[in-house]
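For reference, the structure discussed in these notes is given below.
None of the figures in this text is laboratory data; all of them are computed from the coordinates on show. Since the model is a prediction, treat every value here as computed from it, not as a measurement. We place every Cβ from the backbone using ideal geometry, glycine too, and count neighbours over all the protein chains shown.
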Amino acid sequence: TVYGARRPTGGRVLVDGVPLRPGSVPSAVRAGIGLAPEERKAQALLPMESVTRNVTLSTLSRFARAGRLDRRREREAARRVTRDLSLRPDDPDARIRTLSGGNQQKAVLARWLLRGCKVLLLDEPTRGVDVGARAELYAVVRRLADEGLAVLLVSSELPEVLGLADRVLVLREGDVVHTADARELDEHRVLDLVMEGSPTA
């Protein structure tokens, strides 16, 4: 709903104080919101295309001149941003489907960093990613946040949320039931908040 894929039933989304048009993905992208969806293979990647094309997907117009695509500039831009994220292999021509889950996720992040997004929505960012790659992704997310990027993390992995977030919003059936500094919460407290008032509580 924040990204505009579904129309909200209430509330507003503002970026830099400017409200977004409800239910409009193009409006969200223009405002500087990027999304790394939970189902990256189905919703974020072009599996038969190269790393370069997957990274430049939201910025292709930058590399077009007189109706022609400058593939050299496109490739150089993709290489620059993927190297910044330590994406492996260091080959912008590699097919994205041959990469590990963690490196595919880095390619999705690179797409929005190349576009210069202000807000990055991460929906279950480490799903299907092995333990070693998770640590790398966590380091990337922390660095981006330290550099001033606003990161909204949605995750069912409580250690992930408590380890990465500054502020935590606990939701139950779509409603925010508690907001707190991550340092004030632990896994047991979050689970208690989620279960309070549920039919099985």
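Taking H as built 1.01 Å from N, whose amide H comes closer than 5 Å to the amide H of Val15, not counting residues under 5 places away?
Leu20
Can you work out the Karplus-derived ³J(HN,Hα) for every residue in region 181-195? Use 6.51 cos²θ - 1.76 cosθ + 1.60 with θ = phi - 60°, whole Hz, and x for glycine or proline.
Values per residue, Gly and Pro as x: 5, 4, 5, 8, 10, 9, 4, 5, 5, 5, 4, 4, 5, 5, 7 Hz.
Whose amide H sits under 5 Å from the amide H of Leu152, counting only residues 5 or more places off or on another chain, with H placed in the peptide plane?
Leu120, Leu121, Leu122
For region 67-75, take each phi angle, set θ = phi - 60°, evaluate the Karplus expression 6.51 cos²θ - 1.76 cosθ + 1.60, and give the result in whole Hz per residue in order, putting x for glycine and proline.
Values, residue by residue: x, 10, 8, 7, 5, 5, 5, 4, 5 Hz.
So in the chain, what percent of DSSP beta bridges are antiparallel if you round to the nearest 5?
55 percent
For region 1-142, what is the charge dipole size about the Cα centre, in debye to the nearest 20, if Lys and Arg each add +1 at the Cβ and Asp and Glu each add -1 at the Cβ?
Computed about the Cα centre, the dipole is about 480 debye.
Can you tell me which of Ala110, Ala66, Ala133 moves the most in a GNM of the chain? Springs connect C-alpha atoms under 10 Å apart.
Judging by the Gaussian network model, the answer is Ala66.
So who's got an amide H within less than 5 Å of the one on Arg172, skipping anything under 5 residues away but keeping other chains? H placed 1.01 Å off N, in plane.
It is Val177, by chain and number.
Among 81-93, 13-25, 111-123, how do they line up by average Cβ neighbours within 10 Å per residue, starting with the highest?
Averaged packing, sorted descending, gives the order 111-123, 81-93, 13-25.
Residue by residue through region 28-34, which ³J(HN,Hα) values in whole Hz follow from phi under the Karplus form 6.51 cos²θ - 1.76 cosθ + 1.60 (θ = phi - 60°), with glycine and proline marked x?
Coupling constants for region 28-34: 5, 5, 4, 6, x, 9, x Hz.
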